[in-house]
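So the structure is just underneath, and the comments pick up after that.
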């Protein structure tokens with residue numbers, strides 16, 4: 001795949017997940033502070049507002065866990081990577097769905113990067129046996 005190994009691409013996507021986590025955390029903090037500033041004079045907050053305020057921090061935790069597991073190359077990294085790539089693609093499509101007539105080039109590039117990451121996680125990545133490994137298949141004995 002253009003000379004880039006799947007391992008490098010997966011680690012890069014782990015960085016993308018960490019960045020998405022950071023941005024979700026910043027956005028969630030801003031939304032929560034705005035909600036409490038608007039409704040500080042009211043003694044009652046509607047439960048649906050509190051649920052909506054919890055969405056961005058929850059996605060921040062989700063992307064943080066996915067980025068950490070992918071970066072550490074854990075056995076569960078493939079599943080977390082697929083789920084996080086699908087979530088990023090869905091998030092991009094939902095936030096950009098209001099402008100389907102003139103799809104910005106940046107949105108197309110973002111979707112292309114996420115689909116490439118999804119393809120990297122969908123492919124099975126197996127470690128090559130090392131040259132001094134006695135159980136490698138190249139050994140004639």
Query raised in the report: Can you spot a residue in the stretch 16-28 that is at pLDDT 85 or above, touching a helix residue (DSSP H, G or I) at 6+ places or on another chain (Cβ under 9 Å), surrounded by fewer than 13 Cβ atoms within 10 Å (Cβ to Cβ) and in a helix (DSSP H, G or I)?
Result: yes
Report task. Just need a number here: residues in the stretch 55-84 that are closer than 10 Å to residue 18 by Cβ and crowded, with 20+ Cβ neighbours inside 10 Å. Result -> 4
Requested in this report: Tell me, yes or no, whether the stretch 41-58 has at least one residue that is modelled with pLDDT of 85 or more, touching a helix residue (DSSP H, G or I) at 6+ places or on another chain (Cβ under 7 Å) and part of a helix (DSSP H, G or I).
Outcome: yes
Query raised in the report: Is it true that some residue in the stretch 90-109 is assigned to a helix (DSSP H, G or I), modelled with pLDDT of 85 or more and surrounded by 14 or more Cβ atoms within 10 Å (Cβ to Cβ)?
Result: no
Requested in this report: State yes or no: is residue 35 assigned to a helix (DSSP H, G or I), modelled with pLDDT under 85, surrounded by 13 or more Cβ atoms within 10 Å (Cβ to Cβ) and in contact with a helix residue (DSSP H, G or I) (Cβ under 7 Å, 6 or more places away or on another chain)?
Outcome: yes
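The values are calculated or read from the model by the stated rules, or taken from the named source; none is laboratory data. Keep in mind that this is a model prediction, so the values were computed, not measured. For neighbour counting, all protein chains shown are included, and Cβ atoms are generated from backbone atoms with ideal geometry for every residue, glycine included.
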